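The values are calculated or read from the model by the stated rules, or taken from the named source; none is laboratory data. A quick note: this is a predicted structure, and the numbers were derived from the prediction, not measured. When we count neighbours, we look across all protein chains shown, and the Cβ atoms used for this are built from the backbone with ideal geometry, even at glycine. SASA here: full protein model, heavy atoms, side chains in, ligands and nucleic acids out. Shrake-Rupley method; radii C 1.70, N 1.55, O 1.52, S 1.80 Å.
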Amino acid sequence: MGTAKELKLRCWIDIDGKKFFGPGRAQLLSMIDKNGSLSKAAKEMGMSYRKAWSMVEDMNQRGQQPYVELHKGGTKGGGAELTETGKKVLSTFLKMNNKITATVQQHTDEMLALI
């Protein structure tokens, strides 16, 4: 029976040696954009609200500009939306990640045959 081989690649952006942005945060931004709510985004991802909030706060504080604008609750309820910066970062990351994935896929069979 053959050995199962798999080539995996995850792209992360570090700031000062600490992880800042990657697939999980991109997914969180996508879910916030889709749902207009941090709590709904967190729930859909199976993540606690506190963790999602912490991730958004980190992105907003360490990025050049805030990525998410949070609206406090009230009679109309709260919400969240991506800023223009958040939309651009998400879009650019997804395009870049798709190109990286396509390049890796072109060479996967050859690479795994050597292992």
### Task
Per residue of segment 3-13, in order, report the coupling 6.51 cos²θ - 1.76 cosθ + 1.60 (Karplus, θ = phi - 60°) as ³J(HN,Hα) in whole Hz, putting x for Gly and Pro.
8, 7, 10, 8, 9, 10, 9, 10, 9, 10, 10
#### Entry: Accessible-area order (highest first, 1.4 angstrom probe) of the listed residues Tyr67, Tyr49
Tyr49, Tyr67
## Note on the structure
Matching label for the computed mean projected area of the Cα convex hull in nm², out of [x] 9.7; [y] 6.6; [z] 9.0, is [x]
### For Ser37, residues with placed amide H under 5 Å, excluding near neighbours
Ala80
#### Entry: Cα gyration tensor shape of segment 40-81, rounded if a/c is under 1.5, else prolate or oblate by comparing a/b with b/c
oblate
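How much accessible area per residue does the chain have, in Å², with a 1.4 Å probe?
Per residue, the chain has 72 Å² of solvent-accessible surface.
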### Query
Can you list the HN-Hα couplings for segment 97-110, worked out from phi with the Karplus curve (6.51, -1.76, 1.60; θ = phi - 60°), rounded to whole Hz and with x for Gly and Pro?
5, 4, 5, 4, 4, 4, 5, 4, 4, 5, 10, 4, 4, 4
## Note on the structure
Expected unfolding gain across Thr92-Arg50 under the 0.36 nm per residue rule, minus the alpha-carbon gap, is 12.5 nm
#### Entry: Relative pair counts by distance (%), Cα atoms of segment 1-67, 10 Å bins
19, 45, 22, 10, 5, 0
### Query
Amide H to amide H, which residues 5 or more places from Phe21 or on other chains are under 5 Å from it, using H placed in the peptide plane?
Ile13
#### Entry: Per-residue ³J(HN,Hα) for segment 56-72, Karplus 6.51 cos²θ - 1.76 cosθ + 1.60, θ = phi - 60°, Hz, x for Gly and Pro
5, 4, 5, 4, 5, 7, 8, x, 5, 9, x, 9, 9, 9, 9, 10, 5
### Message
Can you find, among Ile115, Thr103, Tyr49, the residue sitting farthest towards the positive end of the charge dipole of the chain, where Lys and Arg contribute +1 and Asp and Glu -1 at Cβ?
### Response
Tyr49
### Task
May I ask you to compute the full-extension gain from Lys19 to Thr83, defined as 0.36 nm times their residue separation minus their alpha-carbon distance, rounded to one decimal in nm?
20.9 nm
### Query
What is the extension gain from Lys34 to Thr103, computed as 0.36 nm multiplied by their sequence separation minus the C-alpha to C-alpha distance, in nm to one decimal?
22.0 nm
